Amino acid sequence: MTTTALDGIPAAPPAEPVGWHLAAHVVFPDVHEPDILPLYVEYGARAPRIDDAYDRWERGWGEYKGIEATEHRDTENRIGDVTSRRSIRVRAGERLSLATYFNAFPVSYWRRWTDVQQVRLVAQVRGSATVMVYRSNAKGAPVRVATLATGAGESPAETVTPIELDLDLRPFVDGGWYWFDVVGGPADAELVEADWFVRGVPQRPARLSIGVTTVNKVDYVERLVSRIAGEPELRNHLDTVFIVDQGTEQVTSSPTWAQTAKTLGSQLTVITQANLGGSGGFSRGMWETLRAGTSTFHMVLDDDVDLEPEGILRAVRFGSFTSTAAIVGAHMFDLHNPTTLHSFGEVVDPIRWVFGPVRGVHEEWDLAARGLRQTPWLHRRTDVTYNGWWMCLIPTEVLEAVGLSLPVFIKWDDAEHCLRAGAAGYPTITLPGAAVWHISWNDKDDAWEWQAYFHQRNLLISALLHSREPRGGQVVAQSFQWLLKHGYSMRYYANAIRLRALQDLFLGPQALHPTLASTLPELRALAADYPDAQPRPRQADFPAPTGLLGGPLPSIPPRSRLVPWSLRTGIRHLSRTRAGAAEAPEIAVPSRYAVWWFLSQFDSALVSKMDGSGTAFFRRDPAVFRSQLAEGMRLHARLFREWDELAAQYRQALPDLVSPQAWARTFGIEPPDSHETDSPQVR
């Protein structure tokens, strides 16, 4: 057996031109992770079914009402049944189902995006049991395709029965999965191991490097490196993990870092650079991968994620088989609610130019309460236009063809890169069974803290580059609506930096690289001028609220009355504030109620942060509102007039902005005036 430079770790065998190739292992979580067990295995007979309400919603005939959750079977006391990463005990007379996110096989994605010809289930079962294999269609309807008995022999409890079953790919054009259940016999049995194989021809080698961008998250990075280092099979496909450290607290300063780094050895490279945001950190990893020239894929991976290493392997195996080089993205589970699927498939709306879930996909879906067999929309193949960079596999062929990230620090860099790749003929695929756990956006205030600048500017840049609608469709009007909403909410800091984003947009594409490292400190300094951007740890640090002024709590205006309501509210925000409102807040508002239509009816309020870390004192200021409204009207009118000219500027500059050569100059790897470089090239 050949080995890599890592002693004792077998190298991946050379790929055969045609034959059976591993697509996915059936895996189980560590025994110390009972909370996530429902993502790997279910117990009991949860009957698959079709939801008619879902069908009507899909055809636009009504609102999706969801399925009533059936009895939630406690799995906490079942974590002890997990006997290894690959094996699990099946209790006598009980049913164990692998119709789960991490262990069912998403065959429709292989059917759509690859040329594989068959699927094969290979498993081993110790003891007497019944194995039932199922498939589903795009509506979630189940079909049992095989029933197999194990444990025949003189000592059935100790007999290990091999299972090998070839399965068809044809009936999966629109969706569907394969899975299997195991029902225990008169005594306990064990699923020793199981794998899903595909028959076909790999189109490219399954070699990857990983780029991790980090800012002051040493513990996360050490955990991530240790998790990768502990997976020999993953390391067989791995060239280098690039840790791009952009923080003031560097990972190498940790007293345990040397030991952590030793576990990956020569497969780890740490790079220190200025804070250039996610786009700068991820572009550095892409740049290094292209320069090394040994990997077929580069994976961008957030530092603050919990990892399922099998998901990385599934992504790179799938990517090696796609008919066309394709970006293969991962789903995102909520780190704080680990069985909750936060992001399953996302698109950019071509008219409104906002990103969000594909129609029929539901965010915050708890798979512990309603698993795969009870969630019809999960059975439909979901096609996307982009994937977030919490975990995303990009072929180096794509990087060579379309370039690296836009130099935009954070926000929209992932969506824009996928849109750019899609326009060049390289699709993005979000692959079930490949996922990470990440803090969901529900716990972040990035729509009105310093990140709001990048949301505003980068959304507009991406629309200028890729929108096919006249003057960007609804983009300009929508931007002005947000200016009003923030003004009505007394979020003057958010408006100040959004106006700054509009002003900077007119500086043109040539300003993006030079300002990459300097913009964030300026935005943070600007917060000192706005009380709404100065939270304190305790609500008691502010005067006590005076209480409601009488009458019912404000409610959202109906759509038919929104325009006159907005005009009246705007006039009120131009008028004087109530006496005493600036000295003591009128109300304390929890983050979940801190929406524009509610806050707009008060002259002052204590508003808590979404992550629960503090509270800020919002005060209505007619002078600031008037000034920001006037400047916003001027800038949006200019943007509307000059849209086509500005779009032409950014589109013409795009190839240079995203080129490895331009990024090398920003990294300081080559002098700004140098014409000779060994930088990787973009075709």
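General observations
- Residues of the range 185-233 classified as in a helix (DSSP H, G or I), in contact with a helix residue (DSSP H, G or I) (Cβ under 8 Å, 6 or more places away or on another chain) and within 30 Å of residue 274 (Cα to Cα), total: 8
- Within the range 207-224, the set of residues being surrounded by fewer than 22 Cβ atoms within 10 Å (Cβ to Cβ) and within 28 Å of residue 120 (Cα to Cα) comprises 207 only.
- Test: residue in the range 592-604 that is part of a loop (DSSP other than H, G, I, E, B), surrounded by 15 or more Cβ atoms within 10 Å (Cβ to Cβ), of a type in the set (Val, Ile, Thr) and in contact (Cβ under 8 Å) with a residue 24 or more places away in the chain: yes
- Wholly enclosed strands (runs of 3 or more DSSP E) of the range 330-409 bearing at least 2 residues β-branched (Val, Ile, Thr): 346-348
- Residues of the range 109-138 classified as touching a Leu at 6+ places or on another chain (Cβ under 9 Å) and under 30 Å from residue 94 (Cβ atoms), total: 15
- Those residues of the range 461-491 which are in a helix (DSSP H, G or I) and either among the polar types (S, T, N, Q) or not assigned by TED's automatic domain parsing to the domain that holds residue 534 (or both), in sequence order: 462, 478, 479, 481
- Count of residues meeting criterion [within 13 Å of the chain's Cα centre (by Cα) and over 21 Å from residue 239 (Cβ atoms)] in the range 386-412: 6
- Residue 199 meets all of the listed conditions (1) touching a strand residue (DSSP E or B) at 6+ places or on another chain (Cβ under 6 Å); (2) surrounded by 18 or more Cβ atoms within 10 Å (Cβ to Cβ) but one, namely (2).
- Taking the range 518-561 as the range and being at pLDDT below 85 and either surrounded by 13 or more Cβ atoms within 10 Å (Cβ to Cβ) or not aliphatic (A, V, I, L, M) (or both) as the test, the residues that pass are 547, 550, 551, 552, 554, 555, 557, 558, 559, 560, 561.
- Flag for residue 290 being among the aliphatic types (A, V, I, L, M) and closer than 20 Å to residue 27 by Cβ: no
- Qualifying residue in the range 286-298 (condition: within 17 Å of the chain's Cα centre (by Cα) and either under 23 Å from residue 245 (Cα atoms) or surrounded by fewer than 23 Cβ atoms within 10 Å (Cβ to Cβ) (or both)): yes
The values are calculated or read from the model by the stated rules, or taken from the named source; none is laboratory data. This one's a predicted model, so the numbers in the text were calculated from it and none came from an experiment. Ideal geometry is used to build each Cβ from the backbone, glycine not excepted, and the neighbour counts take in all protein chains shown.
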